[in-house]
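All of the numbers you see were taken from the coordinates with simple rules; none came from a lab. Bear in mind that the values here come from a model prediction, so they are computed numbers and not experimental data. Cβ sites come from the backbone with ideal geometry, for glycine too, and all protein chains shown count toward neighbours.
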Amino acid sequence: MDIHINKTENQNLNNDEFNINIETSKDNKNIESLIEYIENFDNQKIFVYDDYNMIQINIDDIMYFYSDGNYNFCKTKNKKYRVKGKLYEIEKKSNNFLRISKGCIINIKQVKSFDIGQNRNVLVRFYDDSEQYVSRRKIKEVMNYLDERMI
């Protein structure tokens with residue numbers, strides 16, 4: 001994809017406003033994902049609980065979300081945080097999230113490797129060397145996801 005950016009200043013806009021005009025060919029297939037990214041640009045942070053404090057973290061720093069008992073958590077490289085949302089709601093927050101089991105959603109950007117065992121077990125390894133297994137029910141979906149992204 002080849003992108004050209006033209007920047008102009010408009011004195012009528014506030015400091016936190018900007019206009020984006022997109023010109024593309026009629027059959028450009030990448031435009032919808034670009035528009036979705038732009039629309040969600042300000043939505044790239046998530047509020048989490050750090051003990052009794054509510055803090056904001058970047059969504060890209062999260063390696064995976066998981067359930068433990070009655071609560072949902074997210075794991076970053078340095079720490080785990082409790083999240084208030086339901087996993088099915090969290091799953092819709094980013095195209096980089098992939099559900100690998102009933103109780104786990106991974107961030108594809110944080111995956112180091114998918115190890116496929118001889119008995120078709122799939123182990124997900126993250127950059128911090130933590131690991132999660134793909135459930136048997138989700139293996140086909142995960143394999144299809146990987147097949148779509150292979151060269």
### Summary
When restricted to Asn119, Asn107, the only residue under 12 Å from the mean Cα position of the chain (by Cα) and not charged (D, E, K, R) is Asn107
### Summary
Listed by first then second residue, the pairs whose first member lies in segment 5-24 and is part of a loop (DSSP other than H, G, I, E, B), whose partner is surrounded by 10 or more Cβ atoms within 10 Å (Cβ to Cβ), with beta carbons under 6 Å and at least 6 positions apart or on separate chains, are Thr24/Ile31
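Does Glu131 count as in contact with a Lys or Arg (Cβ under 8 Å, 6 or more places away or on another chain) and more than 24 Å from Tyr49 (Cβ to Cβ)?
yes
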#### Entry: Condition broken by Arg82, with the remaining ones in (1) in contact with a helix residue (DSSP H, G or I) (Cβ under 8 Å, 6 or more places away or on another chain); (2) surrounded by fewer than 19 Cβ atoms within 10 Å (Cβ to Cβ) satisfied
(1)
